[in-house]
1. So what are the three principal axis dimensions of the stretch 9-215 from its Cα atoms, in whole Å, longest to shortest?
2. Which whole-Hz ³J(HN,Hα) couplings does the stretch 70-83 yield from phi under the Karplus relation 6.51 cos²θ - 1.76 cosθ + 1.60, θ = phi - 60°, glycine and proline marked x?
3. Once fully extended, how much extra length lies between Glu95 and Ala193, figured as 0.36 nm per residue of separation less the alpha-carbon to alpha-carbon distance?
4. Using the Karplus equation 6.51 cos²θ - 1.76 cosθ + 1.60 (θ = phi - 60°), what ³J(HN,Hα) coupling, rounded to whole Hz, does each residue of the stretch 184-196 give in order, writing x for Gly and Pro?
5. Say R0 is 41 Å: what FRET efficiency, to the nearest 0.05, do Ser106 and Arg167 get from their beta-carbon distance?
6. Out of the DSSP beta bridges found with both residues in the stretch 9-215, what percent are antiparallel (nearest 5)?
7. Return the whole-Å distance between the Cα centroid of the stretch 48-118 and the Cα centroid of the stretch 151-211.
8. Considering amide H positions built from the backbone, and no H for Pro or chain starts, which residues 5 or more places from Gly204, or on another chain, come under 5 Å of its amide H?
Amino acid sequence: MAGVEVDSGAGHAALMDRVYSGQRHIYDVTRKYYLFGRDTLIEGLNARSNMRVLEIACGTGRNLAKVRKAWPGVRLYGLDISEEMLKNARKALGEDAVLGAGDACSFDSQDLLGEDGFERIVLSYSLSMIPDWEGALDHAAAQLAPGGELHVVDFGDLSGLPGPLERGLHAWLAKFHVQTRSALPDAAKRIAALRGLSLRSSRGKLGYFQLHVLSAPR
């Protein structure tokens with residue numbers, strides 16, 4: 001999550017390691033109460049056996065473990081900028097996933113993960129933590145294999161919440177270096193158009209979360 005805008009990848013990695021060196025032990029227990037829409041995203045992957053599924057900013061590996069259960073036989077890949085979070089992911093996933101430390105905006109998938117493209121890519125509550133979030137979204141779209149899909153879930157504009165609750169939530173998220181990305185729908189449209197992808201989007205109740213799927217032609 002990224003409310004503090006750190007320009008360099010190294011600086012952001014250091015920040016994330018500081019934030020999560022302790023939090024990683026309770027991350028999944030606490031986040032389930034407010035990171036809504038993640039399971040909806042996983043249910044909508046429609047992944048088949050042997051498909052390569054990459055999560056960018058995979059954190060503790062919680063989502064990849066859920067993907068493994070929901071879609072048996074898929075090949076799992078994950079990257080995160082925080083080595084601290086990857087410690088948990090490696091414990092959770094063992095030999096079932098190829099994991100690497102990398103920057104969402106600039107990673108080389110062949111060098112880091114041994115693959116040139118992926119049939120499914122997931123960005124789950126990560127763009128709200130990445131300083132150059134539009135760059136990360138575009139770089140993720142560039143990693144799609146023919147016919148592949150990029151699935152994105154993140155905080156919405158929160159416009160359906162009562163004013164005091166909305167302001168309080170924004171302030172609380174900022175403590176965890178999180179910024180909601182109200183411009184995400186427009187950015188998704190622009191990137192899809194530039195890369196020749198189709199786009200479908202939906203909105204959670206009260207504008208709490210947003211879902212976007214960018215699909216590459218076959």
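Since every read-out is calculated from the coordinates, none of them should be taken as a lab result. This is a predicted model, so every value here is computed, not measured. Cβ placement follows ideal geometry from the backbone for every residue including glycine, while neighbour counts extend to all protein chains displayed.
1. That gives 47, 39, 32 Å along the principal axes, largest extent first.
2. Listing the rounded values in order: 6, 10, x, x, 6, 9, 9, 9, x, 9, 8, 7, 9, 5 Hz.
3. Between Glu95 and Ala193, full extension yields 31.5 nm more.
4. Taking θ as phi minus 60°, the curve returns 4, x, 5, 5, 5, 4, 5, 5, 4, 5, 5, 9, x Hz for the stretch 184-196.
5. In this case the efficiency is close to 0.75.
6. Restricted to the stretch 9-215, the bridges split so that about 40 percent are antiparallel.
7. About 23 Å separates the Cα centre of the stretch 48-118 from the one of the stretch 151-211.
8. Distant-sequence amide H within range of Gly204: Phe209, Gln210, Leu211.
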